[in-house]
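Rule-based calculations on the coordinates, nothing more; no lab input. Remember, predicted model here, so these are calculated numbers, not experimental data. Cβ placement follows ideal geometry from the backbone for every residue including glycine, while neighbour counts extend to all protein chains displayed.
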Amino acid sequence: MDVQIAAIDVGKKHGLDVDWLNDAVKVFMPDVDPKSKKVILKLSNLLVWAPDASYLLAMKSISARPTDIRDIKFLIAKLNLKTAKEVFEIIKHYYPKGKITERTMNLLLSIFEDQ
């Protein structure tokens, strides 16, 4: 069964929106060290993991979507980061330098200007 069809069925059963399972994030997911992932469920045919805060910050920063700004600010505070340079270093740990777009740079700089 297709994962999206299964997700829609689960969503209907639990009263969730059709797009409750968002896989658009896969575009922004680099290959990372397994230590950056926390396994939260392991079954014979399914592995569910969650990224650590720095991985998630890098991923959300690279996407630079307006809907992620609140999450980015939360993760910056959680990681106790004081400068945009610290965030750029985290991003470079997960992504090649060329992936840091002007949009990402401007977004992060504006977040630190507002603090």
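Observations on the structure shown:
- Between K13 and T83, the distance separating the two model label sites (each 7 Å from Cα on the Cα→Cβ line) works out to 5.1 nm.
- Test item: Cα-centred dipole of the chain, Lys/Arg +1 and Asp/Glu -1 on Cβ, debye: 280 debye
- Segment 52-113 - percent relative contact order, Cα under 8 Å, separation 6 or more: 44 percent
- The chain - mean residue ellipticity at 222 nm from DSSP helices (-39,500 (n - 2.57) per run, n ≥ 4, rounded to 500): -15000 deg cm²/dmol
- Distance violations [Cα-Cα > 22 Å] among K60/K97; K38/K97; K37/K92; K12/K60; K38/K82: K38/K97; K12/K60; K38/K82
- Of all lysines in the structure, the ones whose alpha carbon falls short of 22 Å from that of K42, not counting any fewer than 8 places away in one chain, are K26.
- Gyration tensor (alpha-carbon) shape descriptor, segment 52-113, a/c threshold 1.5: rounded
- Helix 3-14 and the longest principal axis of the Cα set of the chain meet at an angle near 80°.
- Separation of the K92 and L46 label points, Cα + 7 Å toward Cβ, nm: 4.0 nm
- Shape summary of the chain, radius of gyration then Dmax from alpha carbon positions: 16.2, 48 Å.
- Here the 3J(HN,Hα) profile of segment 50-67, calculated from phi with Karplus coefficients 6.51, -1.76 and 1.60 at θ = phi - 60°, is 10, x, 6, 4, 5, 4, 5, 4, 4, 5, 5, 5, 4, 5, 6, 7, x, 5 Hz, Gly and Pro shown as x.
- Across the chain, the relative contact order, built from alpha-carbon pairs under 8 Å that are at least six residues apart, equals 20 percent.
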